[in-house]
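The values are calculated or read from the model by the stated rules, or taken from the named source; none is laboratory data. As the structure is a computational prediction, the values presented were derived from the model and not from experiment. Virtual Cβ from ideal backbone geometry, glycine too; neighbours counted across all protein chains shown.
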Amino acid sequence: MDTISTITALADETRMRVVCLLQEAVDLCSCEIQAILKLNQSNLSRHLTRLRQSGLIKGEKRGQWVHFQINPGNWEEQSYIPGIIKSANKDLPLITEDLRRLKLYWNSGCNCKTINEWRP
């Protein structure tokens, strides 16, 4: 992972929202990310692909779902990433709302199989 591809990946608001969400949640299925961030599937897929290509996140197929998480090895190599994320959390009010919806989701008892029933 190089500095330019990392910064470029994080320069998009939607990708920053995904990274901040995964940093808080540790592990989420793409359908959960989609519901929490209120994104359509094709848009989210494009952003997840970009984040994976940059090395910021990694995905793991579990049955019919792909679960995403922060790629810790790459974050250790790029020590400036936490500072960028911390600044984004302060500067983008939408991230605060995303994290509020994440907590609502956790408290709902829903999961990948029942995400369509979740109403924030």
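Taking the stated definitions as given, is L51 part of a helix (DSSP H, G or I), touching a strand residue (DSSP E or B) at 6+ places or on another chain (Cβ under 7 Å), under 23 Å from A11 (Cα atoms) and among the aliphatic types (A, V, I, L, M)? Yes: the conditions hold for L51. The single condition among (1) within 14 Å of the chain's Cα centre (by Cα); (2) of a type in the set (G, A, S); (3) within 22 Å of N111 (Cα to Cα) that G63 does not meet is (1). Selection of the stretch 66-120 for residues being of a type in the set (G, A, S) and either part of a helix (DSSP H, G or I) or at pLDDT 95 or above (or both) yields G73, G83, S87, A88, S108.
Listed residues S87, S54, S79; which is buried (at least 18 other Cβ atoms within 10 Å of the Cβ), within 21 Å of T3 (Cα to Cα) and of a type in the set (S, T, Y)? Full working, then the answer.
Numbers: S87 fails: buried (at least 18 other Cβ atoms within 10 Å of the Cβ); S79 fails: buried (at least 18 other Cβ atoms within 10 Å of the Cβ).
The match here is S54.
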